[in-house]
1. Kindly indicate which of P212, P138 is surrounded by 20 or more Cβ atoms within 10 Å (Cβ to Cβ), assigned to a loop (DSSP other than H, G, I, E, B) and not aromatic (F, W, Y).
2. Please enumerate the residues belonging to region 141-162 that are within 21 Å of G9 (Cα to Cα) and either touching a helix residue (DSSP H, G or I) at 6+ places or on another chain (Cβ under 7 Å) or surrounded by fewer than 17 Cβ atoms within 10 Å (Cβ to Cβ) (or both).
3. For region 35-46, check the following and say yes or no: at least one residue is small (G, A, S), loosely packed, with under 15 Cβ neighbours inside 10 Å, modelled with pLDDT of 95 or more and outside any strand (DSSP E or B).
4. Would you say R65 is within 16 Å of the ligand (Cβ to nearest atom) and either over 15 Å from I224 (Cβ atoms) or touching a residue at least 24 places away in the same chain (Cβ under 8 Å) (or both)?
5. Quick one: would you say H54 is within 27 Å of E202 (Cβ to Cβ), assigned to a helix (DSSP H, G or I) and either within 15 Å of the ligand (Cβ to nearest atom) or not basic (K, R) (or both)?
6. Please name all residue pairs, on different chains or six or more residues apart, with Cβ atoms under 9 Å, provided the first residue is in region 33-54 and is more than 20 Å from G197 (Cα to Cα) and the second residue is assigned to a strand (DSSP E or B) and acidic (D, E).
7. Which one of these is within 11 Å of the ligand (Cβ to nearest atom), of a type in the set (A, V, I, L, M) and within 26 Å of D51 (Cα to Cα): V132, V154, V121, V111?
8. Could you list all residues from region 184-207 that are in contact (Cβ under 8 Å) with a residue 24 or more places away in the chain and over 30 Å from A227 (Cβ atoms)?
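The values are calculated or read from the model by the stated rules, or taken from the named source; none is laboratory data. Please read these numbers as outputs of a predicted model, since none were measured by experiment. Every residue, glycine as well, gets a Cβ built from its backbone with ideal geometry; the counts of neighbours run over all protein chains shown.
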Amino acid sequence: MSAPNLRLGVNVDHVATLRNARGGFYPDPCRAAHEAIMAGADSITAHLREDRRHIRDEDVERLKRQILTPLNFEMAATAEMVAIATRIRPHAACLVPEKREERTTEGGLDVIGGAETLRPVIEELRDAGIRVSLFVEPEPAVLDIAFALGAPVVELHTGAYAEASFAGDTERLAREAARLYRAAEHGAALGLEIHAGHGLTEENVALVAAIPQVAELNIGHSLIATAIFVGLPEAVRAMRDEMERGRSRIGG
Ligand code: PXP
C-alpha cells in the first residue's frame, strides 16, 4: 500500500502555559499558531481543559477566527465542552479523558465504561459538522468499540511508547512500537483514520512516522521545549541590541 501524507498538528497549549505563569498576554498561542503554520504545520491543536490551566475560551475563539488552517479542538466529553465546540465549530474535535489532578492526559478514553456518554457526544459533534476523533489506547479491541461508537478517526495514545523511549528501554520500546503498528493496521482495516500523539519528540518520532496507516501526528510539549533552545540565542541577541540602542542615548 502507498502511505498517505503524514500531517503534523501542532499543539499550542504550552505557549499558553507559559503566558499564564505570569498572568499576562504573552506569549500568545495564536501567534504561535501562525508561526507554526508558516513553518509547515498542517493543523493547530488546542485543549480547553475544565480548569483552563493553559488554553482559555477566548484563545479557542481567536484561533478559530484567525487561522485558516484546520483547528483540532481537544475536549472532554462533557456538556460544557460540547456546547463550546458546537458554537465555535472547529474542523475537528478530539475527545480525551480528563482528570483535574493529572498533569497531562494520562491514558486513552475508557470506551467501554464511557460508551453511553461518548455515543451521544460523538453524534452531536458529527451533526455539527465536526470531525470527531477518540484518543485511545493502541489496542484492537478498543478500536473495535471506537468504530462501533461511530467515530471516523482515532488518535492512538503514544504515551507508553514515549515513556519507553525516555527510559532508554529498547525491549519495551520495541513492544510498544509493535503495539502501535498492530493497532494502526487493525484500525485502518476497520475504515478508521489513524492519528497518533503524546510524548513524541525528535528522538522518538521516526518509528511512529514509519507506521504507514498513520495519517497525522499531534505534537506539543517537545516542540515548545525545543523552541526555547532554538530561539533563545536570537532572543538574547535582540535584547542585547535593544539595550545597546538605549545605552547609546546617554550623553548623546
Ligand atoms: N494528543 C492528545 C490527544 C493530547 O492530549 C496531547 C497532550 O495534550 C497530545 C496529543 C500532545 O502531547 P505532547 O504535548 O506530549 O506532544
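1. Numbers: P212 fails: surrounded by 20 or more Cβ atoms within 10 Å (Cβ to Cβ).
Step by step, each of P212, P138 is checked, and only P138 is surrounded by 20 or more Cβ atoms within 10 Å (Cβ to Cβ), assigned to a loop (DSSP other than H, G, I, E, B) and not aromatic (F, W, Y).
2. Just the residues of region 141-162 that are within 21 Å of G9 (Cα to Cα), to begin with: 151-162.
Of everything in region 141-162, those that are within 21 Å of G9 (Cα to Cα) and either touching a helix residue (DSSP H, G or I) at 6+ places or on another chain (Cβ under 7 Å) or surrounded by fewer than 17 Cβ atoms within 10 Å (Cβ to Cβ) (or both) turn out to be A151, P152, V154, L156, T158, A160, Y161.
3. Within region 35-46, one or more residues are small (G, A, S), loosely packed, with under 15 Cβ neighbours inside 10 Å, modelled with pLDDT of 95 or more and outside any strand (DSSP E or B).
4. Values: within 16 Å of the ligand (Cβ to nearest atom): no; either over 15 Å from I224 (Cβ atoms) or touching a residue at least 24 places away in the same chain (Cβ under 8 Å) (or both): yes.
So R65 fails the test.
5. Working: within 27 Å of E202 (Cβ to Cβ): yes; assigned to a helix (DSSP H, G or I): no; either within 15 Å of the ligand (Cβ to nearest atom) or not basic (K, R) (or both): yes.
Taking the combined requirement at face value, the residue does not satisfy it.
6. none
7. On the way: V132 fails: within 11 Å of the ligand (Cβ to nearest atom); V121 fails: within 11 Å of the ligand (Cβ to nearest atom); V111 fails: within 11 Å of the ligand (Cβ to nearest atom).
Residue meeting the stated conditions: V154.
8. Step one: list which residues in region 184-207 are in contact (Cβ under 8 Å) with a residue 24 or more places away in the chain, which gives 184-188, 190-204, 207.
Hits for region 184-207 are E185, H186, G187, A188, L190, G191, L192.
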